[in-house]
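Here is the structure we will look at, set down as structure tokens.
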Amino acid sequence: MFVSLVNVSDVPASLFLLGVVFILLIFGLLSLGILRMFEKRFRVGWYSFAGAVFSSVAFGLILNQWYL
């Protein structure tokens, strides 16, 4: 099996932190939405899903503006 190492030294610290924050935010809101749906609190669940979608769009726009 061929194993290769990936050089991540070219990734700026700000891009790494931005990715970490948005990944935690997006998946946190998704999991919260799923939890609220199981609790039969549908309105709060849909708001959490909408927040995850909004965060994903904001993340994409920030990446497009600053890093691409």
Between 0 and 90°, nearest 10: helix 13-38 axis offset from the chain longest Cα axis:
20
With 20 Å as the cut-off, how large is the P(r) tail for the chain, expressed as percent of Cα-Cα pairs?
46
Probe 1.4 Å, accessible area per residue of the chain, Å²
84
Out of residues 5 or more away from R41 or on other chains, whose amide H comes under 5 Å of its own, with H placed 1.01 Å from N in the peptide plane?
none
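The values are calculated or read from the model by the stated rules, or taken from the named source; none is laboratory data. Treat the numbers as computed from the prediction; the structure is a model and nothing was measured. Keep in mind that these areas ignore ligands, DNA and RNA; they rest on the heavy atoms of the full protein, side chains included. Shrake-Rupley method; radii C 1.70, N 1.55, O 1.52, S 1.80 Å.
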